[in-house]
1. Of V235, F92, P205, whose Cα points farthest to the positive end of the dipole of the chain (charges on the beta-carbon: +1 Lys, Arg; -1 Asp, Glu; origin at the Cα centre)?
2. Calculate the spin-label point distance for A127 paired with E65, positioning each point 7 Å from the Cα along the beta-carbon direction, and give it in nanometres.
3. Using a simple charge model, +1 on the beta-carbon of Lys and Arg, -1 on the beta-carbon of Asp and Glu, nothing else, what dipole does the chain show about its Cα centre, in debye to the nearest 20?
4. Just grab the label-to-label distance for D45 and S228, each label 7 Å out from Cα along the Cβ direction, in nm (one decimal).
5. Which of the peptides 151-163, 195-207 is most tightly packed, and how do the rest follow, going by the mean number of other Cβ atoms within 10 Å of each residue?
6. R120 label point, 7 Å along Cα→Cβ, cut-off 12 Å on backbone N: hits in the range 202-233?
7. Please give the calculated 222 nm ellipticity per residue for the chain, where each DSSP H segment of at least 4 residues contributes -39500 (n - 2.57) and the sum is spread over every residue; nearest 500 deg cm²/dmol?
8. With the Cα gyration tensor of the range 39-173 giving a ≥ b ≥ c as the square roots of its eigenvalues, does the rule (a/c under 1.5 for rounded; else a/b larger than b/c for prolate; else oblate) give rounded, prolate or oblate?
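None of the figures in this text is laboratory data; all of them are computed from the coordinates on show. Keep in mind it's a predicted model, so treat the numbers as computed, not measured. Quick reminder, even Gly has a Cβ in these numbers, built from the backbone with ideal geometry, and neighbours come from all protein chains shown.
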Amino acid sequence: MELGLAGRRALVTGAGKGIGRSTVQALHAAGVQVVAVSRTQGDLDSLVRECPGVKPVCVDLSDWEATERALGGVGPVDLLVNNAAVALLQPFLEVTKEACDISFDVNLRAVIQVSQIVARDLIARGAPGSIVNVSSQASQRALTNHSVYCATKGAMDMLTKVMALELGPHKIRVNAVNPTVVMTPMGKANWSDPRKAKTILDRIPLGRFAEVENVVDFILFLLSDRSSMTTGSTVPVDGGFLAT
C-alpha cells in the first residue's frame, strides 16, 4: 500500500533507540524529512550516519524550558510521533516521588508540550496534520510493579482522545498505538527469562510478542491519509492481549 508520505516533514521523539529509531528509518525510507529527538547524542550521531538528511535534536524532554528552546523554532512539522518514554518499575508500596516525577514529565507532560508546539504551528499555517502517541497495553491492563507506568499510559490514552476532540476542527488527527511487549533490544533483554515472559505470553492469543515493524507499520498508517477518517483511537498491537 502506497502511503503517500513523501515530501512531508515529521518529528519523532525518543528517536535514538527501539520503536522511535525504527520509525525514523521507515519515514526516511518513505521520503519524509525527519526531525529526530533524543536525549543521547551518540544515538543521534549513528542515526544520522544511517539516514543522511535527518535533523538531530538532542534534548531531555523532562526539562520544559530546554525543550521549548530546542523545539520552539523547529519549523513546519506535518507529522508527529510522541514515542519518548521511561519505564521505572517499582512495587506499588515502594513507588518514589522521583519515579512519579520523571515518569509523568516524560511520558505525559512532554507529549502535551511537544504536541502544542507542533499543533500551534499547523493551525497558524492552516495545514492539516497527524499525531501518533505511542502508548501501551499497560494503559488498559494492570501489570505487577507497573503502577506509575500504567498510570502514565492510561493518562496518555485519554489525552489522545481530548486532543482529537479539540484539534479535529483544525484538521489535525490524533491517535495512539498500544503495543504489547516489543522485541526491541531492550525488550529482548527485559523479557529473555522464559518464566517472566510466560506471564505475558500466556495472555496473548497469538502466543508471541510484537516485532518492531508490527508497531512501525501502524504508526505510518496512522500518520498517512490512508487513515484520514480515524482520530481519537487507541489501536492495540498486542496479539489479542486486550481481548482476554
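1. P205
2. 3.0 nm
3. On the way: 24 positive and 23 negative charges, 64 e Å.
With only Lys, Arg, Asp and Glu charged at Cβ, the dipole is about 300 debye.
4. My value for the distance between the label points is 4.4 nm.
5. On the way: 151-163: 19.7, 195-207: 12.9.
Put in order of decreasing packing, that is 151-163, 195-207.
6. Counting backbone N atoms under 12 Å from the label point, the list is empty.
7. Working: 9 runs with 101 residues, N = 244.
Helix-only estimate at 222 nm: -12500 deg cm²/dmol.
8. Numbers: a/c = 2.07, a/b = 1.32, b/c = 1.57.
Oblate shape, in that a/c is at least 1.5 and b/c is the bigger or equal ratio.
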